[in-house]
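*Asks:* Here it is: the structure, laid out below.
The values are calculated or read from the model by the stated rules, or taken from the named source; none is laboratory data. For clarity, every value in this text was computed on a predicted model and none was experimentally measured. With ideal geometry, Cβ positions are generated from the backbone for all residues, glycine too; neighbour counts draw on all protein chains shown.
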Amino acid sequence: MIEVDRLTKRYGLITAVDRVTFAVGRGEIVGLLGPNGAGKSTTMRILTTYLPPTSGRARLAGFDVLDNPLEVRRHVGYLPENVPLYGEMRVREYLRFRARLKDVPRSRRSVAIDDVVERCRLEEVEDRIIGQLSRGFRQRVGLAESMLHDPDILILDEPTSGLDPLQVREVRSLLRELGDRHTLLLSTHTMSEVEAVCGRVIIIASGRIALDDRLERLKTDPTVVIEARGPAEAVRTALASEPTIASARILAREDGYVTLEVKARDGVDAREAASARIVQNGWGLLRLEQRRATLEDRFVQAVSAAALAAENDSPAGSEPAPDDAELEAV
Amino acid sequence: MRHVTAILRRDLANYFLSPTAYLILLAFQAIAWLNFWELVDILTRRQVAFSTLNDPMNTYISGSFAFWIAIMVAIPALTMRLLAEERRSGTIESLLTAPVTETEVVLAKWLAGVFMYLALLLPFAIYLPFLRNLGRFDFELGPLISLAIGLTTLGMMFTSIGVFFSAVTKNQIVAAVSTFAVLFLLMLVTMMAYSYAAERRLAWAEPLRFVAVFYQVHAFGTGRLDPRFLVLHLSACIFMLYLSVKVLESRRDQ
């Protein structure tokens, strides 16, 4: 559905998006995660044809953003950051206006509007003036508007920012429902949002993709923490010799007790083998715990790694020349 | 082009949600009434003939100082919001990510301005049937039609200037002041510079007279529908609209 190939956007000397490449398949819900200013919004603006890329290509629903922007717009629903709406219009009036702009056929317009009003639970405010609505309702009006023309792809820039916790929950459950009908690309800088809604996460830092993986894979961490009663070194060697275990490291030892950190080989659950090995040797197994990496850890890891890479990549700044006059004076 | 009507309708409706449009319409209504009163006053005086220079029908609209001042204020006030407000509030982003072209947006905004401008001229026209039927003053229709056409193309040009300045800035005040400055230049500065140049018989007097809006409208009012002026107005208008489209396409503020 979305194919992005070495997409780059420069503003003068600043590179906002740097050779970003990814692809999103039909029906996927992908979270674009990154710190502020990482290039999420710029990427989305390019994908929605609002901004032209400096180089690289992007195809949505089979149409190129530069060659065929109008077709792209017909297949994409977009919720810009901060949800710009015409404050002086009424909700239904606004939706009717947008439906006309989006070429929803006259015969289907009322049905389409009724549908999005119902899906976004806007019935109670449909005749109110948008400028007088609460933030949560405005957000929902924006969402309703983005799916008016039943697009294949929905691109949502921070759909839950500025909402209170209750509204966040509502919008999230709405987003999960949307996943059934649309391919969803949403940006956010809150981790929990990605965990709650997305199936896959793309982390962007300093304009580059720092990480792109399925959520469940990110959450599993091969590390197991074991606490046992027995001779520290012997326990460590015994565990390390186990074929499913990549490494074992002693974290703490204390008269006859030992705590180890064991890393399993990729994609293997080492807990069973480790516990069997300890029991077979007659040591006491006191604790065995799968360590859960939070998405936050992975996010911080990925972002700092990307920042480091970007720093190494940029040409080293020349040292400031010593001030001659000052040297002479000394 | 099918989106033009949708955007146009929204913008026209939007005019009437703020007091500006009502105030401007009221002001023009007042000016039209005063001018008409003056016209009737002049016509009731015993006078053998009017010279073409101060034909009362001509001075009724285009010879009135108040009318020109009001136009110079009204055009910026009506056009400043059109695109600048969309850019300030960010709605331009949702507008230009709908399957709508920049040309459609600019055309719709410009048409909204032109319609409002024509609505301002309407009060001047509604008195005329009364003058003819009740006042039994048999004025010539030709010069009035010529004047109406001329004022329309002039308004198209003025509105396109306003749309252009509304496109280049997010700030409505900047847009209004810039538009006012250009209109001021076209109306008063050219006129004064012409009279200065004509007095000294300078070579550039004639070109100045050609672009001086005041003399153009005067010519229309006397029944000379000079196609050169119409072409000048329309080509300037198309050029300004073209520039506005290019400004929107460049997404300058990003």
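*Asks:* When only residues in segment A:10-31 that are part of a strand (DSSP E or B) and free of Cβ contacts under 8 Å to residues at least 24 places away in the same chain count, which is surrounded by the fewest Cβ atoms within 10 Å (Cβ to Cβ)?
*Replies:* Just the residues of segment A:10-31 that are part of a strand (DSSP E or B), to begin with: A:10-11, A:14-24, A:29-31.
Narrowing the set further to residues that are free of Cβ contacts under 8 Å to residues at least 24 places away in the same chain leaves A:11, A:14, A:23.
Values: A:Tyr11: 11, A:Ile14: 8, A:Ala23: 13.
Only one residue tops the list, namely A:Ile14.
*Asks:* Within the group A:Thr49, A:Thr42, which residue is among the polar types (S, T, N, Q), within 14 Å of chain B (Cβ to nearest Cβ) and in contact with a helix residue (DSSP H, G or I) (Cβ under 6 Å, 6 or more places away or on another chain)? Explain how you work it out, then say what you get.
*Replies:* On the way: A:Thr42 fails: in contact with a helix residue (DSSP H, G or I) (Cβ under 6 Å, 6 or more places away or on another chain).
After ruling out the rest, the residue left standing is A:Thr49.
*Asks:* Kindly provide the set of residues from segment A:71-125 that are within 9 Å of another protein chain (Cβ to nearest Cβ) and among the polar types (S, T, N, Q), ordered by number.
*Replies:* Within segment A:71-125, A:Asn82 is the sole residue that qualifies.
*Asks:* Residues to consider are A:Leu148, A:Leu174; find the one that is aliphatic (A, V, I, L, M), assigned to a loop (DSSP other than H, G, I, E, B) and either within 12 Å of chain B (Cβ to nearest Cβ) or surrounded by fewer than 23 Cβ atoms within 10 Å (Cβ to Cβ) (or both). First the steps, then the outcome.
*Replies:* Working: A:Leu174 fails: assigned to a loop (DSSP other than H, G, I, E, B).
So the residue among A:Leu148, A:Leu174 that is aliphatic (A, V, I, L, M), assigned to a loop (DSSP other than H, G, I, E, B) and either within 12 Å of chain B (Cβ to nearest Cβ) or surrounded by fewer than 23 Cβ atoms within 10 Å (Cβ to Cβ) (or both) is A:Leu148.
*Asks:* Please enumerate the residues belonging to segment A:80-102 that are hydroxyl-bearing (Ser, Thr, Tyr) and in a loop (DSSP other than H, G, I, E, B).
*Replies:* A:Tyr86
*Asks:* Do you know which of the residues in segment B:174-227 that are in a loop (DSSP other than H, G, I, E, B) and of a type in the set (A, V, I, L, M, F, W, C) is nearest to the chain's Cα centre (by Cα)? Break it down into steps so the answer makes sense when it comes.
*Replies:* Taking segment B:174-227 and keeping what is in a loop (DSSP other than H, G, I, E, B), we get B:200-204, B:212, B:222-226.
If we keep only those that are of a type in the set (A, V, I, L, M, F, W, C) too, we end up with B:202-204, B:212, B:225.
Details: B:Leu202: 30, B:Ala203: 29, B:Trp204: 26, B:Ala212: 14, B:Leu225: 17 Å.
Among those residues, the one meeting the criterion is B:Ala212.
*Asks:* What number of residues within segment A:82-102 are touching a Leu at 6+ places or on another chain (Cβ under 8 Å) and crowded, with 17+ Cβ neighbours inside 10 Å? First the steps, then the outcome.
*Replies:* The initial filter retains those residues of segment A:82-102 that are touching a Leu at 6+ places or on another chain (Cβ under 8 Å), namely A:88, A:91, A:94-95, A:98-99, A:101-102.
Okay, now just the ones that are also crowded, with 17+ Cβ neighbours inside 10 Å, so A:91, A:94-95, A:98-99, A:101-102.
Residues in segment A:82-102 being touching a Leu at 6+ places or on another chain (Cβ under 8 Å) and crowded, with 17+ Cβ neighbours inside 10 Å: 7 in total.
*Asks:* Still on this structure, I have one more. Given the criterion under 23 Å from B:Arg251 (Cβ atoms), in a helix (DSSP H, G or I) and either away from chain A (no Cβ under 14 Å) or at pLDDT 90 or above (or both), identify the matching residue among B:Ile42, B:Ile92. It would help to see each step written out before you state the result.
*Replies:* Values: B:Ile42 fails: under 23 Å from B:Arg251 (Cβ atoms).
From the options B:Ile42, B:Ile92, the qualifying one is B:Ile92.
*Asks:* Can you find, within segment B:95-106, the residue that is farthest from the chain's Cα centre (by Cα) among those that are within 14 Å of chain A (Cβ to nearest Cβ) and part of a helix (DSSP H, G or I)?
*Replies:* Quick first cut of segment B:95-106, residues within 14 Å of chain A (Cβ to nearest Cβ) only: B:95-105.
Checking which are part of a helix (DSSP H, G or I) leaves us with B:95, B:102-105.
Numbers: B:Leu95: 27, B:Glu102: 23, B:Thr103: 21, B:Glu104: 21, B:Val105: 20 Å.
The extreme case among them is B:Leu95.
*Asks:* Among (1) within 19 Å of A:Arg172 (Cα to Cα); (2) within 12 Å of chain B (Cβ to nearest Cβ); (3) not acidic (Asp, Glu), which single condition is A:Arg140 missing?
*Replies:* Checking A:Arg140 against (1) within 19 Å of A:Arg172 (Cα to Cα); (2) within 12 Å of chain B (Cβ to nearest Cβ); (3) not acidic (Asp, Glu), the one that fails is (2).
*Asks:* Report yes if B:Phe115 is buried (at least 19 other Cβ atoms within 10 Å of the Cβ) and more than 14 Å from chain A (Cβ to nearest Cβ), otherwise no. So that I can check it myself, show each step before the final result.
*Replies:* Details: buried (at least 19 other Cβ atoms within 10 Å of the Cβ): no; more than 14 Å from chain A (Cβ to nearest Cβ): yes.
When the stated conditions are applied, B:Phe115 does not pass them.
*Asks:* Suppose we filter B:Gln29, B:Gln47 for residues that are at pLDDT below 85, of a type in the set (S, T, N, Q) and surrounded by fewer than 16 Cβ atoms within 10 Å (Cβ to Cβ); which single one remains? Break it down stepwise before answering.
*Replies:* Details: B:Gln29 fails: at pLDDT below 85.
Sole residue among the options that is at pLDDT below 85, of a type in the set (S, T, N, Q) and surrounded by fewer than 16 Cβ atoms within 10 Å (Cβ to Cβ): B:Gln47.
Okay, residues lined up against (1) without any contact (Cβ under 8 Å) to a residue 40 or more places away in the chain; (2) assigned to a helix (DSSP H, G or I):
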position: A:Glu195; (1), (2): no, yes
position: A:Val225; (1), (2): no, no
position: A:Pro243; (1), (2): yes, no
position: A:Ser247; (1), (2): yes, no
position: A:Ile250; (1), (2): yes, no
position: A:Lys263; (1), (2): no, no
position: A:Asp269; (1), (2): yes, no
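Table: residues versus (1) in contact (Cβ under 8 Å) with a residue 60 or more places away in the chain; (2) surrounded by fewer than 16 Cβ atoms within 10 Å (Cβ to Cβ).
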{"position": "B:Val168", "(1), (2)": "yes, no"}
{"position": "B:Ala176", "(1), (2)": "yes, no"}
{"position": "B:Met191", "(1), (2)": "no, no"}
{"position": "B:Ser195", "(1), (2)": "no, yes"}
{"position": "B:Ala198", "(1), (2)": "no, yes"}
{"position": "B:Arg201", "(1), (2)": "no, yes"}
{"position": "B:Trp204", "(1), (2)": "no, yes"}
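*Asks:* Kindly evaluate A:Gly77 against the criterion of being outside any helix (DSSP H, G or I), within 29 Å of the chain's Cα centre (by Cα), small (Gly, Ala, Ser) and in the same structural domain as A:Cys198 (by TED's automatic domain parsing). Explain how you work it out, then say what you get.
*Replies:* Details: outside any helix (DSSP H, G or I): yes; within 29 Å of the chain's Cα centre (by Cα): yes; small (Gly, Ala, Ser): yes; in the same structural domain as A:Cys198 (by TED's automatic domain parsing): yes.
Against the criterion (outside any helix (DSSP H, G or I), within 29 Å of the chain's Cα centre (by Cα), small (Gly, Ala, Ser) and in the same structural domain as A:Cys198 (by TED's automatic domain parsing)), A:Gly77 qualifies.
*Asks:* Which residue pairs have Cβ atoms closer than 8 Å, lie 6 or more positions apart in sequence or on different chains, and pair a first residue in segment A:32-44 that is farther than 13 Å from A:Ala307 by Cβ with a second residue that is of a type in the set (S, T, N, Q) and in a helix (DSSP H, G or I)?
*Replies:* Hits for this filter: A:Leu32/A:Thr43.
*Asks:* Could you please let me know if A:Asp64 is free of Cβ contacts under 8 Å to residues at least 12 places away in the same chain, under 24 Å from A:Arg176 (Cβ atoms) and surrounded by fewer than 23 Cβ atoms within 10 Å (Cβ to Cβ)? Outline the logic, then answer.
*Replies:* Numbers: free of Cβ contacts under 8 Å to residues at least 12 places away in the same chain: yes; under 24 Å from A:Arg176 (Cβ atoms): no; surrounded by fewer than 23 Cβ atoms within 10 Å (Cβ to Cβ): yes.
So A:Asp64 fails the test.
*Asks:* Follow-up. Across segment A:103-145, which residue is surrounded by the most Cβ atoms within 10 Å (Cβ to Cβ) among those that are in contact (Cβ under 8 Å) with a residue 40 or more places away in the chain and outside any helix (DSSP H, G or I)?
*Replies:* Per the stated criteria, the residue is A:Cys120.
*Asks:* Let me ask something else about it. Kindly check whether there is at least one residue in segment A:84-97 that is within 28 Å of the chain's Cα centre (by Cα) and small (Gly, Ala, Ser).
*Replies:* First, pick out the residues of segment A:84-97 that are within 28 Å of the chain's Cα centre (by Cα): A:84-85.
Checking the rest, the ones that are also small (Gly, Ala, Ser) come to none.
Checked against the condition, which is being within 28 Å of the chain's Cα centre (by Cα) and small (Gly, Ala, Ser), segment A:84-97 yields no hits at all.
*Asks:* Name the single residue that is farthest from B:Ala167 (Cα to Cα) among those in segment B:56-89 being within 14 Å of another protein chain (Cβ to nearest Cβ) and of a type outside the set (A, V, I, L, M).
*Replies:* Filtering first and then ranking leaves B:Ser89.
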